[in-house]
C-alpha cells in the first residue's frame, strides 16, 4: 500500500529522493542539466509530499507558489522500484488537493521533452499543454502544462 505524508524540503527522505532525481536528470538532460538545475533548488519549499511503501520512501513531489492563483509542481520523482504502481499519480493528486485547500486555482509545471513517461502522466491526469512560461520561454527542450483545479 502507498502512503503519503505532507512535509517540507527539510524532510530527509525528500532530500534523498531529490538527490536521486537530480542524478537521473543529469543523464537525461545532458549538456542542459546545469541550466535546469538552477531552477530546481529545494531549500525553503514549504509544501512537499513523500510517498512510502512499507515505510520505504519511493517517491516525492512538491509545489511552490508561482502566482497568487497558481502553484508550480516541482521535483516529481518515483524511484525505480516504485514505478508502475500509481505512485506519481498518488503524489500529484495529493499536491493538487493541498493547493486547492490553500485556495489556488491551478497547478502549472515544466518538464523536458525527453521525459515521455512524465508527459504521458500529466496528460492522463488532465494537464493541458500551454506556452512555456517564465524562465522556460524560448527553451526548446521544455514543455509546460497546467491544470485548473475544480
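Using 10 Å bins from zero, what percent of all Cα-Cα pairs in region 103-150 falls into each bin?
28, 54, 18, 1
Expected output is a single nm value to one decimal: the length gained when fully extending between residue 123 and residue 46, i.e. 0.36 nm times separation in residues minus the C-alpha distance. What is it? Show your work: numbers first, answer last.
Values: separation 77, 0.36 × 77 = 27.72 nm, distance 2.60 nm.
The span from residue 123 to residue 46 would gain 25.1 nm if fully extended.
Quickly rank 6-19, 47-60 as a protection proxy: mean count of other C-beta atoms within 10 Å, highest first. Present the calculation step by step, with values, prior to reporting the outcome.
Numbers: 6-19: 16.8, 47-60: 20.1.
The most tightly packed comes first, giving 47-60, 6-19.
What percentage of all Cα-Cα pairs in the chain are separated by more than 28 Å?
Working: 1218 of 11175 pairs.
Cα-Cα pairs in the chain separated by more than 28 Å: 11 percent.
Points 7 angstrom from Cα along the Cβ direction at residue 130 and residue 5: gap in nanometres?
In this crude label model, residue 130 to residue 5 measures out at 3.2 nm.
Each reported figure results from applying straightforward, stated rules to the coordinates on display, with no laboratory input. Computed from a predicted model, the values in this text were never measured in an experiment. All Cβ positions, even for glycine, are placed from backbone atoms using ideal geometry, and neighbour counts span all protein chains on display.
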